[in-house]
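Taking it in order: structure first as structure tokens, then the write-up.
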């Protein structure tokens, strides 16, 4: 079994690898610390399963998820993130993820999630299933405004909220400053926000950015 682990923290990659080695001793592992490394590896060979963090350098994990499904549509992708389920799980599942786990629960649920994904199923925790059922019963107007953002807009919202300037974001994403400014204007209109302080307050309120990024 070929397993690709994508996370920008070496200690997390090592921990996930150790957890899986206990259940899959014959597995062969490869690691990527950013989106470019991940996509390069996806382009070079087939993978039986991919473990993917959302908050990685370069293109965010959701964009990587989309690209993986373009190149390897049958490869199951499990998203593992420090963000709570309610913040990104639905978006990840809509993009084709085979499941969504928080890093806090990974040690207890990773084996079951991987087996489910390898069998072609979707791994959804009991708590997430309840949230999804509740969401189905909600009026669309009750959904938070940021759910209307594209994956790129969401990424830029998070980067602005983390204190990055337009110039820094443009450099990180290999886009022009004018393009980033256009994205910012679209986000501001959709969320009815103006200043960077308002962006940050919104992101913190909806748990779209982490106060600490050690994991």
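Being farther than 23 Å from residue 174 by Cα, without any contact (Cβ under 8 Å) to a residue 40 or more places away in the chain and assigned to a helix (DSSP H, G or I) is a description that applies to residue 92. What residue, among those in region 38-50 that are touching a residue at least 24 places away in the same chain (Cβ under 8 Å) and part of a helix (DSSP H, G or I), is nearest to residue 101 (Cα to Cα)? Per the stated criteria, the residue is 38. Among the residues of region 14-28, the one identified as in contact with a strand residue (DSSP E or B) (Cβ under 6 Å, 6 or more places away or on another chain) and buried (at least 20 other Cβ atoms within 10 Å of the Cβ) is 16.
Within this structure, residue 74 passes the test of being more than 17 Å from the chain's Cα centre (by Cα), within 24 Å of residue 109 (Cα to Cα) and in a loop (DSSP other than H, G, I, E, B). For region 66-76, a residue qualifies if it is touching a residue at least 40 places away in the same chain (Cβ under 8 Å) and surrounded by 23 or more Cβ atoms within 10 Å (Cβ to Cβ), and exactly one does: 76. Out of curiosity, is residue 89 surrounded by 19 or more Cβ atoms within 10 Å (Cβ to Cβ) and not assigned by TED's automatic domain parsing to the domain that holds residue 172? In short, yes. Residue 55 passes every criterion in (1) within 12 Å of the chain's Cα centre (by Cα); (2) within 20 Å of residue 173 (Cα to Cα); (3) modelled with pLDDT of 95 or more apart from (3). Of the residues making up region 30-37, at least one is surrounded by 15 or more Cβ atoms within 10 Å (Cβ to Cβ), free of Cβ contacts under 8 Å to residues at least 40 places away in the same chain and in a loop (DSSP other than H, G, I, E, B).
Here are some residues: 127, 107. Which one is outside the structural domain of residue 172 (by TED's automatic domain parsing), in a helix (DSSP H, G or I) and closer than 17 Å to residue 6 by Cα?
From the options 127, 107, the qualifying one is 107.
Please verify whether region 51-71 includes one or more residues that are out of contact with any strand residue (DSSP E or B) (no Cβ under 7 Å at 6 or more places or on another chain), in a loop (DSSP other than H, G, I, E, B) and either closer than 20 Å to residue 120 by Cα or in the same structural domain as residue 169 (by TED's automatic domain parsing) (or both). No, that holds for no residue.
The values are calculated or read from the model by the stated rules, or taken from the named source; none is laboratory data. In this text, all values refer to a predicted model and were calculated from it rather than measured experimentally. Please note: Cβ atoms are built from the backbone with ideal geometry, for glycine as well, and neighbour counts cover all protein chains shown.
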